[in-house]
Amino acid sequence: MATKIYAGAVVTMDDAENIFRPGVVVYDATGILYVGKPEGYTEPVEQELRIPDGIVLPGLLNGHNHAAMTMMRGLADDSPFFEWLTQYVWPVESRMTPDDIAIGTYLALAEMIRSGTVGYADMYFAVDRSAEAVEKAGMRAWISRGLVAQGDPGLEKLEEGLEFGRRWRSRAEGRIIPMLGPHAPYTCPPEYLERVAEKAKQENLGIHVHLSESADEMRQMAEQYQKTPIQLAYDAGVFASRTLIAHGVFIEESDLPYLEGLVGGVVTCPVSNAKLGNGILPYHMLHDAGVTIGLGSDGPTSTNNLDMFLEMKAMAWMQKVRESKPEAFRAYDALWAATRGTAAVLGHPGGILKLGAPADLIVVDGKRAHMTPEWDVVANLVYSAQGADVRYTIIAGRMVMQEGIITTFDEAAVVQEARQRAQRLMEG
Ligand SMILES: [Zn+2]
């Protein structure tokens, strides 16, 4: 069943940076059937939406998340990092049940669908429950069971991660892609990283790992192994599989040879990096070296909000601050990172509106006061828009949010249950 959307603007994110004003997108469950000027498509369709004030763009892809951590949103926010993690987050996390994780994931899904995210890369535990929520909500997700080898060899967790991969790789109409998630080099010793890398290669799974996020991590790895986290991962064979490197704030020039030819890329999480006081991604150094850069939020306990429009702003602002000049980073490049950049890191054909691409698109309300006037539609999308301006979210040709209403699950019930469950977690 084909649907046609006529909108005031269609931002394609294709290589020619085409923007049609007005424009039309036609799609069905198999993908995009047409993108272009309204007069270019005359075939009959089953459903037609006319949104003259709407801006259509590819759905946003959040390249790094721990979605169920919505349950700890706002917990001891302004504490020093290791105190926050060990004295607040880990004790609450140890009390979280698989049901808490399911509801926490639904809460994140509601927030993501509302703010125009159509897919996300996740790392957490009780991942079957997250995957079930993703399947029901109609979302796309690249899910990895977080792997650590601290206090125990971590082999059971690795086996769980592999089993999850086997169980889910062909479910949910291909909307769920399992990955392996070795947490970081400070929680996964080199022998463990090697083992994970070997299994990833054997079972053809991508790897999702935190690398070079904080100055403490850099110091610790230098003291313990006389290596940078990037060099450690390279030496362990991690980069032999597609690798999603979360953060990368402290990647150095001397790391670049290890990243040459990397399949995958770096996902920057500017709000988390700012809030945790970590720093700013060396975007230009990586970009000039040919490293693909995507955009993500990190978990909602460090970022507080899963709005990718906020992440795009933060990415642009922080690069301008880093380079001390406004021309150092274009709004378009932030939008590219949030769409095609993350897609390229994940090896996903989405993030673009073109014939045959997945039918993953969103419609932003362009008639709001803060979106008026429209000298430059991309500037408005990146610098003015907010997630709450998204009116329609379409994933794999299915309208999962229509005129601001989530159609795939009961959002109000999820919010209510999340409140009750968080109350129990707060009481200890
Ligand atoms: Zn993270």
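The values are calculated or read from the model by the stated rules, or taken from the named source; none is laboratory data. Bear in mind the structure is a predicted one, so any value in this text is a computation, not a measurement. Don't worry about glycine lacking a Cβ; one is built from the backbone with ideal geometry, like all the others, and counts go over all protein chains shown.
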query = Within segment 294-306, is even one residue more than 16 Å from the ligand (Cβ to nearest atom) and touching a residue at least 24 places away in the same chain (Cβ under 8 Å)?
reply = no
ask   = Within segment 64-110, restricting attention to residues that are in contact with a Pro (Cβ under 6 Å, 6 or more places away or on another chain) and not charged (D, E, K, R), which residue is farthest from Asp128 (Cα to Cα)?
value = Thr70
task = Starting from residues that are free of Cβ contacts under 8 Å to residues at least 40 places away in the same chain and farther than 22 Å from His64 by Cβ, keep the ones in segment 196-216 and report whichever is nearest to the ligand (Cβ to nearest atom).
result = Glu198
request  = Kindly indicate whether any position in segment 309-323 is touching a residue at least 60 places away in the same chain (Cβ under 8 Å), of a type in the set (Lys, Arg), more than 16 Å from the ligand (Cβ to nearest atom) and surrounded by fewer than 23 Cβ atoms within 10 Å (Cβ to Cβ).
outcome  = yes
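Residues are listed down the side, and each one gets a yes or a no for (1) more than 13 Å from the ligand (Cβ to nearest atom); (2) surrounded by 17 or more Cβ atoms within 10 Å (Cβ to Cβ); (3) in the same structural domain as Cys269 (by TED's automatic domain parsing):
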position	(1), (2), (3)
Asn65	no, yes, yes
Met69	no, yes, yes
Arg73	yes, yes, yes
Ser79	yes, no, yes
Leu85	no, no, yes
Trp90	yes, no, yes
inquiry  = I need every pair where a residue in segment 246-260 that is on the phi < 0 side of the Ramachandran plot and in contact (Cβ under 8 Å) with a residue 40 or more places away in the chain has its Cβ under 9 Å from the Cβ of a residue that is more than 16 Å from the ligand (Cβ to nearest atom) and among the aromatic types (Phe, Trp, Tyr), sequence separation at least 6 or different chains.
reply    = Asp255/Tyr234
request  = For segment 206-229, enumerate the residues that are closer than 30 Å to Arg166 by Cβ and of a type in the set (Val, Ile, Thr).
outcome  = Ile207, Val209
ask   = Looking at Ala233, Ala222, which is the one that is free of Cβ contacts under 8 Å to residues at least 40 places away in the same chain, farther than 19 Å from Asp128 by Cα and aliphatic (A, V, I, L, M)?
value = Ala222
task = Could you grab me the full set of residues in segment 65-104 that are over 21 Å from Glu311 (Cβ atoms), in a loop (DSSP other than H, G, I, E, B) and not hydroxyl-bearing (Ser, Thr, Tyr)?
result = Ala76, Pro80, Met96
ask   = Inside segment 196-246, can you point out the residues that are surrounded by fewer than 18 Cβ atoms within 10 Å (Cβ to Cβ) and polar (S, T, N, Q)?
value = Gln202, Asn204, Gln220, Gln224, Gln226
key: Check on Met123, of a type in the set (A, V, I, L, M), under 14 Å from the mean Cα position of the chain (by Cα) and more than 16 Å from the ligand (Cβ to nearest atom)   = no
query = Could you give every pair whose Cβ atoms fall below 6 Å, whose first residue belongs to segment 129-153 and is without any contact (Cβ under 8 Å) to a residue 40 or more places away in the chain and over 26 Å from Thr407 (Cα atoms), and whose second residue is of a type in the set (Phe, Trp, Tyr) and part of a helix (DSSP H, G or I), counting only separations of at least 6 or pairs across chains?
reply = Arg145/Phe164
message = Take Ala379 and tell me if it is in contact with a Leu (Cβ under 6 Å, 6 or more places away or on another chain), part of a helix (DSSP H, G or I) and not aromatic (Phe, Trp, Tyr).
response = no
ask   = Can you spot a residue in segment 84-94 that is touching a strand residue (DSSP E or B) at 6+ places or on another chain (Cβ under 8 Å), at negative phi and not aliphatic (A, V, I, L, M)?
value = no
